[in-house]
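**Student:** What follows is a single structure, and I will ask about it in a moment.
Just so you know, all these numbers are worked out from the coordinates, no wet-lab data involved. On a predicted model such as this, the values are computed, not experimentally measured, just so you know. Here the Cβ positions follow ideal geometry from the backbone for every residue, glycine too, while neighbour counts run over all protein chains shown.
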Amino acid sequence: MPELLEIRDLHVDVEGKRVLKGVNLTLRPGEVHAVMGPNGSGKSTLAYTIAGRPGYEVVEGDILVEGESIVDLEPEERALKGIFLGFQEPPPLPGVRLSSLVVAAVNKRMGVESLSRAADPRIFRKLVEALQKVGLGPEYAQRELHVGFSGGEKKRAEVAQALVLDPKIVILDEPDSGLDIDGVRIVASIIKELRDSGKGILLITHYARLLQYVKPDSVTVLLDGRVAARGGPELAEEIEKKGYTAVARA
């Protein structure tokens, strides 16, 4: 049975500069794989490349979802394959309500021509329930997405979207950024719920704080666009004590 997500010898250029230099990684259903590294190590580039963000050029290697290459697919096609990306800095979308975005995404996945009218009216109840789980009120469903949201509210709203949209692969880029300790615990509980439902979670972070609440199955450390170390949850603890450079040299 193929891996849920497989990264093979991935080399990526951004604006003519080589950022990823031969990254290999696998992700299985029901697994949390933490990707760690200091700022500028290539973590967000890896996330954006998997999701198909324009400007991130795969010059060598491959990205496979359930054994099928996706490097030639557009971002929306990758989303339909089951890839969800939570951004490091979620952009505000003036004029787009959270509920409208969720309805459009669900309708698109169902093959419904209209993206504005909910094909499944239960989606609104699911969205409100998801918002409540992450500590946001039902009024957030009708707010313009990320407009006027605090950093923590943006992260909570993105995790709520992951609950509702039911992807196969959930990529969360710095999901604890902007959260207080209670927010970190809430997001950690949702990540556990997603894992328990069989989702593959790619968790990108440079601090081990969140990993105190979500025990990863695997940890990969990136330095200068390369895999510098790989191990289990104990690797995250070692990084917290010794730092990235010391761990990479070990």
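**Student:** Dipole of the chain, Cα-centred, from +1 at each Lys and Arg C-beta and -1 at each Asp and Glu C-beta, to the nearest 20 debye?
**Tutor:** 480 debye
**Student:** How large is the Kirkwood hydrodynamic radius of segment 27-127, counting all unique pairs of alpha carbons, in Å?
**Tutor:** Taking every pair of different Cα atoms in segment 27-127, averaging 1/r and inverting gives 15.9 Å.
**Student:** Separate question: May I ask you to work out the translational diffusion coefficient for segment 70-120 at 20 °C, viscosity 1.002 mPa s, via Stokes-Einstein with Rh from the Kirkwood sum over Cα pairs, reported in whole µm²/s?
**Tutor:** 174 µm²/s
**Student:** Mind telling me which of Glu237, Glu15, Glu153 comes out most flexible in a GNM of the chain, alpha-carbon contacts under 10 Å?
**Tutor:** Residue with maximal mean-square fluctuation among Glu237, Glu15, Glu153: Glu15.
**Student:** Can you give the local net charge around Val128? Use residues other than it whose beta-carbon is closer than 15 angstrom to its beta-carbon, Lys and Arg +1, Asp and Glu -1.
**Tutor:** +4
**Student:** Which value, in nm² and rounded to one decimal, describes the direction-averaged projected area of the C-alpha convex hull of the chain?
**Tutor:** Taking a quarter of the hull surface, the average projection is 13.3 nm².
**Student:** All other residues with a Cβ under 13 Å from the Cβ of Glu15 taken together, and with Lys, Arg as +1 and Asp, Glu as -1, what is their net charge?
**Tutor:** +1
**Student:** Mean shadow of segment 165-227, computed from the convex hull of its alpha carbons, in nm²?
**Tutor:** 4.8 nm²
**Student:** Another question about this same structure. What does the charge add up to near Gly52, with Lys and Arg as +1, Asp and Glu as -1, over the other residues with Cβ less than 13 Å from its Cβ?
**Tutor:** Around Gly52, the surrounding residues sum to -2.
**Student:** So, one more: What is the angle, in °, between the Cα long axis of helix 181-196 and the longest principal axis of the Cα atoms in the chain? Nearest 10 is fine, range 0 to 90.
**Tutor:** It is inclined by approximately 90 degrees.
**Student:** Where is the GNM fluctuation largest for the chain (alpha-carbon springs, 10 angstrom cutoff): Pro94, Pro167, Pro29?
**Tutor:** Pro94
**Student:** What FRET efficiency would be calculated for the residue pair Lys241, Asn24, taking the C-beta separation as r and a Förster radius of 35 Å, to the nearest 0.05?
**Tutor:** Efficiency at R0 = 35 Å is approximately 0.85.
**Student:** Can I ask one more? Calculate log10 I(q)/I(0) of segment 101-225 for q = 0.11, 0.16, 0.20, 0.22 Å⁻¹, where I(q) comes from the Debye formula with a single equal point scatterer on each Cα and nothing for solvent.
**Tutor:** -0.41, -0.82, -1.17, -1.34
**Student:** Using only Cα atoms, find the angle between the long axis of helix 233-242 and the longest principal axis of the chain, and express it within 0 to 90 degrees, rounded to the nearest 10.
**Tutor:** 70 degrees
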